[in-house]
Amino acid sequence: MNKEKDDPDPKALACYGMLSSSDEHMFLRFVAGRPVSSVTIEFLQWLGEQVQAQGHHVLVLIWDNASWHVSKQVKSWLREHNQAVQQETGSKAGVRIIPCWLPVKSPWLNRIEPKWVHGKRAIVEPARILTASELKQRVCDYIGCELLEPLTQEVS
């Protein structure tokens, strides 16, 4: 099962996910490239829109300490975003995002982690390597989410 040198598919896929505590719905976005601070912010903006569309005004995130979750850029964006939301009024007010960082190396405290493990076991085929598009589609089929355009890193 060696990967061909000219294979255009990436060796690994990254995605962001959020498991709703109220209905167990999973919000998922794949990443074109690596998960970095700017992509995390793009995911948070999208996630805020999804949560607001459901009529919620606060999103509590349970997060591990991945560098793209705890970066200065992300923390600064969260602070500015939440200040802007608090100043808005009426139906246009956005969603406050409250991050709760887990202790280092404690995945068992995060309810989404078993979903990742069981999903991986359910979709992989030991006999062959899936293409990136097959893998993305299988993940979305398993989780029950729409396959959306990947989040992309802004190049400046």
- Note on the structure: Of SER133, SER71, SER37, the most mobile residue in a GNM of the chain (C-alpha springs, cutoff 10 Å) is SER133
- Query: Longest segment of the chain with no trypsin sites (Lys or Arg not before Pro) in a DSSP loop having at most 14 other Cβ atoms within 10 Å?
  - Reply: 12-104
- Task: Can you check what the Kirkwood hydrodynamic radius comes to for the chain, Cα pairs only, in Å to one decimal?
- Result: 17.1 Å
- Item | Within the chain, longest stretch clear of exposed GluC sites (Glu not before Pro) (DSSP loop, no more than 11 other Cβ within 10 Å) | 25-87
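Read-outs throughout are calculated quantities, based only on the coordinates presented, and are distinct from any laboratory measurement. Note that the structure is a prediction, hence the values are computed from the model and not measured. FYI the Cβ positions are ideal-geometry reconstructions off the backbone, even for glycines, and counts take in every protein chain you see.
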